[in-house]
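The block underneath contains the structure these notes are about, expressed in structure tokens.
Values in this text are rule-based calculations from the coordinates and carry no lab data. Bear in mind that the values here come from a model prediction, so they are computed numbers and not experimental data. Heads up, the Cβs are rebuilt from the backbone with ideal geometry, glycines too, and the neighbour counts pull from every protein chain shown.
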Amino acid sequence: MATLTRTTSGFTVRNMTLLLFCISLSCLPVYSSASRNDRPIIGVLAQEVYSPKPDQTVYIAASYVKYLESAGARVVPVMINQTLEEYKALFSSINGILYPGGGVSIISSGYEKTAKIFYELAIEANKKGDYFPVWGTCLGFEQLTYLTSGKTILTHTNTSGVPLPLNFTDETKDSRMFKGFPAELMKDLASQPLTENSHKWSLAVQTYDTNEELKKFYKILSTNMDGKIEFVSTVEAYDYPIYGTQWHPEKNAFEWTRPYIPHSPSAVKTTFYMAEFFVSEARKNSHRFESEEDESKALIYNYNPVYTGPKSGFEQIYYF
Ligand SMILES: *[C@@H]1O[C@H](CO)[C@@H](O)[C@H](O)[C@H]1NC(C)=O
Ligand SMILES: *[C@@H]1O[C@H](CO)[C@@H](O)[C@H](O)[C@H]1NC(C)=O
Ligand SMILES: *[C@@H]1O[C@H](CO)[C@@H](O)[C@H](O)[C@H]1NC(C)=O
């Protein structure tokens, strides 16, 4: 926080109060509810198609779009391979970004390069009190572990296509993410397999415990076991509105092509409470497009999703 200079003398009362506040809670940018943005727009990062065709080089699964829309946000696709200037302009136009799951490299893809730029812009903005939330789901979470630690430190796990209950940590009680969840849903999340996992790589709890960068940056809200290895399944950053789940909150309500996706009432509620949380974080940001025309041109409504189920893992996909 900018006001917290580490001088040895001359702390004003205000600085002192802020310092105490920071020690007892966290150093998240101060946010005033008077400035709530009820028209949040969230960027969803595109990624390379595995077998590209001339008019299908990158994609976004439509479930991420529906997920955010279901909680009152609009979506802008964030393309790969743009210039830094274009990304900076987009960053100052949107109110948060989501890194979806998928199958590209977290160290050398266009997805990675773009994720890195927005991650760094978000850190810089949040340090200045400009509240900008970042979310990573599955591959997006794995991407965050790389961006924060600078290392590829994931462990192979047997977790391709399995719904699991969350093993919540003690940190969950004081978390921002789960604070607004009904007690009944928390009980169901802890006891029923409501969170869909489709990943071959995971952040082992043992790796987290021995990695200073990750330990300093993220608090673990839940873990899971693949039978042998205990891995991190949900995190939130201590001092930044940066969040990650190894599991897929968006699938329960919106994806049907795999038998292991849970659709029970509590599973579907999980989708909506997770979306509600992230969109409410985006409402704390006041970035906006320079004009209404720029905004309309950027929105995902300019594109049509294609029906790709039942063979694909997704019902509908936006191709670009
Ligand atoms: C992105 O840029 C890379 C490297 O310049 C290129 O190989 C790739 O085809 C581009 N992809 C898209 C989807 O524009
Ligand atoms: C992987 O996990 C599944 C249950 O999700 C289990 O049936 C299978 O035996 C496991 N495979 C290995 C190699 O441990
Ligand atoms: C839940 O986490 C605790 C603490 O890490 C661990 O001791 C326990 O074995 C875990 N339980 C399951 C079911 O994964």
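Take W256, W135, W201 and order them by how many other Cβ atoms sit within 10 Å, fewest up front.
Result, fewest neighbours first: W256, W201, W135.
Label point 7 Å out from Q56 along Cα-to-Cβ: which residues of the stretch 92-113 have amide N under 19 Å?
101-104
In µm²/s, what is D for the stretch 212-262 at 25 °C and 0.890 mPa s, where D = kT/(6 pi eta Rh) by Stokes-Einstein and Rh is the Kirkwood radius from Cα pairs?
Once the numbers are plugged in, D ends up at 193 µm²/s.
Report the gain in length on full extension from Y307 to D170: 0.36 nm times residue separation, minus Cα-Cα distance, nm rounded to one decimal.
Extra length from Y307 to D170 when fully extended: 45.1 nm.
Using a ≥ b ≥ c from the Cα gyration tensor of the stretch 206-320 (square roots of the eigenvalues), is it rounded, prolate or oblate, where a/c under 1.5 gives rounded and otherwise the larger of a/b and b/c decides, a/b for prolate?
Cα axes put the stretch 206-320 in the oblate bin.
Just to confirm the filter: which chymotrypsin sites (Phe, Trp or Tyr not before Pro) across the stretch 258-295 are DSSP coil and have at most 16 other Cβ within 10 angstrom of their Cβ?
Answer in residue order: Y260.
Can you tell me the relative contact order of the stretch 75-171? Whole percent, Cα pairs under 8 Å, sequence separation 6 or more.
29 percent
Kindly provide the pair-distance distribution of the stretch 41-319 built from C-alpha pairs, with 10 Å bins from 0 and whole-percent values in order of increasing distance.
In order of increasing distance, the bins hold 7, 31, 39, 20, 3, 0 percent.
Return the loop-located trypsin sites (Lys or Arg not before Pro) in the stretch 196-264 (DSSP other than H, G, I, E, B) with at most 15 other Cβ atoms within 10 Å of their own Cβ; answer none if there are none.
Passing sites in the stretch 196-264 are K228.
Quick one: of K151/K216; K187/K284; K127/K284; K113/K151; K173/K215; K113/K311, which pairs are farther than 20 Å apart, Cα to Cα?
Over 20 Å Cα-Cα: K187/K284; K113/K311.
Among the trypsin sites (Lys or Arg not before Pro) within the stretch 45-135, which fall in a DSSP loop and have no more than 13 other Cβ atoms within 10 Å of their own Cβ?
Qualifying residues, ordered by number: K128.
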